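The structure appears below as structure tokens.
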Amino acid sequence: MMGDHAEIVGNIGVLLFLASYFLLQKEKVTHSSLSYLGMNLLGAILLVYSLLFHWNLPAFLLEASWALISIYGIYKYHYRTKRNKT
């Protein structure tokens, strides 16, 4: 039962990844926009959650790395925004 829930959550994560990449290709977002980075971070978190129920080490390493890179991008975004206000 819980595994089914985890699969749904993981699929939502996949949809977020695909949507963010599609929006990037359509030039609706930039690689450094908060919406693109946020969608990637949330997608990675949702996929990591699903991997807790359907363990796969390579997928976990990929998603954890993806989340960390997104967090770094969000940090840079906020740092740039704060610096531009001064």
If I require 30 Å or longer along the helix axis, counting alpha carbons, and a Kyte-Doolittle average no lower than 1.6, what helices from the chain are left? Use full DSSP H segments. none
Tell me which label goes with the value of Rg/Rh (Cα atoms, Kirkwood Rh) computed from the coordinates here: (1) 1.13; (2) 0.93; (3) 1.07. (3)
In deg cm²/dmol, rounded to the nearest 500, the helical mean residue ellipticity at 222 nm of the chain, built from -39500 (n - 2.57) for every DSSP H run of length 4 or more, is -29000 deg cm²/dmol
With Cβ to Cβ distances under 13 Å as the rule, what net charge do the other residues near residue 47 carry (K, R +1; D, E -1)? -2
Just order 55-61, 27-33, 10-16 by mean Cβ neighbour count inside 10 Å, highest at the front, would you? 10-16, 27-33, 55-61
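Values quoted throughout were computed directly from the atomic coordinates according to the rules given, and no laboratory measurement underlies them. For clarity, every value in this text was computed on a predicted model and none was experimentally measured. Glycine gets a Cβ as well: all are built from the backbone with ideal geometry, and neighbour counts include every protein chain shown.
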